[in-house]
Structure formats: C-alpha cells, structure tokens
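Here's the structure, in structure tokens; my notes come after.
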C-alpha cells in the first residue's frame, strides 16, 4: 500500500512540474500569436520561421511535447486511480471550492487535449510536412481558419475551459510541490486567477478580432 501511495505522490509531483513548465510556454505562444493582428504578415511568419528553425527552440520543442505527454498520461492515470479507489461520488455537503475544480479537471483537460490535437493538424504537422500547407505562410493559414465560424466556436469554447483548467492547475501544482504558506498561498491563488483569465482572454481576442473585424 505504501508503495502505491508513494508512486501516486511521485506521479503527482512529476505531473505538477510538467504542468508548471507548460504554464511558462503559453504566454510566449500568446505573444507570438498576437502578431496575427498586424496587417503585415511578415512579423508573424518570421517569428514562426524562427521558432521552427532555431536549434535551441527545436530542443525546447522536444521538451515541450514530452511535458505534454507526461502531464496528460499521469493526469489520466491518477484520475482513473482515484475513480477505482473511490467509486462512490463525493458526499453532498463536503464539496469545497477546490474539489469542484478538481472533479472537472479531467474533462477540461480532455477538451484542451482534443483542441491541441486539432491545432497540431492545422499547424505543427504542416511544419513537419505531414499535412498539406505552406509552412512559410502560417499567417494566411491562421487567418483563413479564423474566417470559419465553427472553428471560432470550438476555439473560444476550448479556451474558456482552459481558463478553468489553468486556475486549478496553477494553484494545485504549488500545493503538490509542498509550497504552501499562510501568506503566499493566497497570493498564488490570486496570480492563478489573473493568469487563468489573461491567457484565454488574449487568445480569445485574436479569435474574435480576426473573425469579426478582418
């Protein structure tokens, strides 16, 4: 039993580290994507080309994909383990704010993962030559996608759910790493809320602007 408990704690620890690493990538991705709002495609295409060819970035890309796989795999494993250990739902009256977000993390995460696969097909696999498209003109590809109403509905819905996922993930990662403190924990939760609103709002701004005003 102790070995199982240790294995579970270890997986949570690794998943938390991978999750925090992924949290550092989103603002960078957002800053680059904001270049899509420019009328001149050069800036975005140059940034996309740099990200696709600069050796340190390509190494970072491998680490990023590995972090996604670790985070997703351990998240699914731990959730299934929780279902097996506690097949009966939470008793009514014992649901805290944290448990509310925790119960839906697997579903918000699954939605984000589904969108990530779609995103890979639209862009990353094009860069690898696995899907038709021009890897030197992602600007036009992105603008064409955002002209499709259904794509925007999916895009916006996924980023709203991502916001819920980020809020709990940000806070729980610090808790998992044992960084609880009576002063700093409330600060972390406020930062988590700010981050969980800012990142989806930024990506949402891109979607709405390109869809309705370009």
Residue satisfying condition, being more than 15 Å from residue 23 (Cβ to Cβ), within 17 Å of the chain's Cα centre (by Cα) and crowded, with 17+ Cβ neighbours inside 10 Å, within set 155, 195 | 155
Set 106, 59, 80: member being at pLDDT below 85, over 16 Å from the mean Cα position of the chain (by Cα) and either surrounded by 11 or more Cβ atoms within 10 Å (Cβ to Cβ) or more than 25 Å from residue 145 (Cα to Cα) (or both) = 80
Matching residues in segment 124-144 - criterion: being within 20 Å of residue 209 (Cα to Cα) and either in a loop (DSSP other than H, G, I, E, B) or under 20 Å from the mean Cα position of the chain (by Cα) (or both) | 137, 142
Confirm whether residue 143 is surrounded by fewer than 18 Cβ atoms within 10 Å (Cβ to Cβ) and at pLDDT 95 or above.
-> yes
Which of the residues that make up segment 179-188 are exposed (fewer than 15 other Cβ atoms within 10 Å of the Cβ) and either in contact with a helix residue (DSSP H, G or I) (Cβ under 9 Å, 6 or more places away or on another chain) or not in a helix (DSSP H, G or I) (or both)?
-> 179, 180, 181, 182, 183, 184, 185
Scan segment 84-93 and give yes if some residue there is in contact with a helix residue (DSSP H, G or I) (Cβ under 7 Å, 6 or more places away or on another chain), farther than 25 Å from residue 186 by Cα, modelled with pLDDT of 85 or more and outside any helix (DSSP H, G or I), otherwise no.
-> no
Closer than 28 Å to residue 72 by Cα, in a helix (DSSP H, G or I) and at pLDDT 90 or above, is that true of residue 200?
-> yes
Looking at (1) modelled with pLDDT under 95; (2) crowded, with 16+ Cβ neighbours inside 10 Å, which is the one condition that is false for residue 210?
-> (1)
Test: residue in segment 111-123 that is under 18 Å from residue 34 (Cβ atoms) and free of Cβ contacts under 8 Å to residues at least 12 places away in the same chain | yes
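The values are calculated or read from the model by the stated rules, or taken from the named source; none is laboratory data. Everything numeric here is computed off the predicted structure, so don't read it as measured data. Note that each Cβ is placed from the backbone with ideal geometry, even for glycine, and that neighbours are counted across all protein chains shown.
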